[in-house]
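So the structure is just underneath, and the comments pick up after that.
Values quoted throughout were computed directly from the atomic coordinates according to the rules given, and no laboratory measurement underlies them. Bear in mind the structure is a predicted one, so any value in this text is a computation, not a measurement. So basically every Cβ, Gly included, is an ideal-geometry build from the backbone, and we count neighbours across all protein chains shown.
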Amino acid sequence: MIDLSERQVQITEMLREERFLTVDALADKYGVTTQTIRRDLTTLCDYGLARRRHGGIERPAEAGNLAYGSRQILARSAKQAIAREVAKHIPDSASVAFSIGTTPEVVAAGLLRHDRLRIFTNNMNIAMLACTNPTFEVNIAGGRVRNSDNDVLGPGMEEFLSSYIFDFGIYGVAGVGEHGTLLDFYEEEVRARRLIHENSRTTILVLDHSKFGRTAHVRGGQIGEATKVFCDAAPPGPILEVLRASDSELVICGEDDAQ
């Protein structure tokens with residue numbers, strides 16, 4: 001994972017909400033010199049988390065997905081809140097399939113205190129994490145490893161995920177369109193997610209609020225198809241209406257109320 005200071009993480013999170021942040025405003029906010037802030041911003045730009053602009057930084061261009069290590073530090077507190085809530089819904093001894101993605105990885109970490117889970121995944125990060133619990137049985141797809149995300153895609157993945165019926169299928173998504181369409185960056189990512197959805201008794205979509213309205217070009221599924229949707233905040237109105245018209249349960253994490 002990328003090693004950032006707490007202030008750098010906070011600046012990165014702020015940039016998810018604001019398109020442009022100035023050096024002077026950040027220096028005032030944190031009570032440090034502009035030189036200190038410029039060093040922070042240089043670090044964020046070096047990691048691809050921000051892009052230089054006169055007087056400050058702006059969001060990087062999203063021609064594709066951010067690097068996996070960069071995504072791991074984004075919305076970390078939101079993902080942890082989601083993980084804590086999901087953990088309440090997974091019983092011991094269940095079979096659980098995990099898709100690729102940083103939010104499913106954080107959810108997997110949140111299940112490490114469970115007992116005797118059977119884990120199925122095409123992501124090496126999740127598999128290695130699950131192996132730290134000696135009571136877990138961990139199964140991973142075989143085939144070509146995609147270096148950028150440490151996941152397995154292709155025919156081996158498809159055969160693997162088609163060979164089982166899982167108690168729970170936990171998956172993330174790159175973005176959600178305004179009418180609830182699930183979006184990813186590659187066809188194989190969509191295929192893996194769809195196979196987990198099709199072969200799970202209970203399907204769980206996990207995403208933080210930044211995914212609403214985020215653009216990606218490969219469509220695959222609708223948000224209302226998941227049995228349960230876990231998010232740190234309520235979705236925009238049109239997506240909320242899609243969920244209300246479906247059989248999906250929306251669980252707002254970090255709040256007392258579930259909708």
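General observations
- Shown here: the chain, whose C-alpha atoms stretch 56, 39, 34 Å along the first, second and third principal axes, sorted largest to smallest.
- Between the exposed loop cleavage positions of the chain, defined as trypsin sites (Lys or Arg not before Pro) in a non-H, G, I, E, B DSSP state with at most 12 neighbouring beta-carbon atoms within 10 angstrom, the longest gap is 145-259.
- Three semi-axes describe the equivalent ellipsoid of segment 6-61; taken as square roots of 5 times the Cα gyration tensor eigenvalues and ordered largest first, they are 15, 11, 11 Å.
- Computed as a quarter of the hull surface, the mean projected area of the alpha carbon convex hull for segment 129-178 stands at 5.4 nm².
- Of GLN80, GLN35, GLN222, the one that fluctuates the most in a GNM where the chain has Cα springs shorter than 10 Å: GLN35
- About its Cα centre, the dipole of segment 182-259 is roughly 260 debye, where the only charges are +1 on Lys and Arg Cβ and -1 on Asp and Glu Cβ.
- Degrees, to the nearest 10: 34-46 long Cα axis against longest axis of the chain: 40 degrees
- Label point 7 Å beyond Cα of ASN150 along Cβ direction - residues of segment 110-126 with amide nitrogen under 15 Å: 110, 121-126
- Our helix-only sum for the chain, with -39,500 (n - 2.57) per DSSP H run of n ≥ 4 divided by its residues, gives a mean residue ellipticity at 222 nm of -10500 deg cm²/dmol.
- Projecting the alpha carbon convex hull of segment 80-232 along each direction and taking the average yields 7.9 nm².
- Nitroxide proxy distance, nm - points 7 Å out along Cα→Cβ at CYS45 and ALA233: 2.7 nm
- About the centre of its Cα atoms, the chain shows a dipole size close to 520 debye [charges on the beta carbon of Lys, Arg (+1) and Asp, Glu (-1) only; nearest 20 debye].
- Computed on the chain, with alpha-carbon pairs under 8 angstrom and 6+ residues apart, the relative contact order is 14 percent.
- Principal axis dimensions, largest first and in whole angstrom, of segment 158-259 by Cα: 38, 29, 23
- Full extension of the chain between ASP92 and SER246 yields a length gain of 52.6 nm, computed as 0.36 nm times the residue separation minus the alpha carbon distance.
- THR181-ARG16 FRET efficiency (beta carbon distance; Förster radius 25 Å; 0.05 resolution): 0.75
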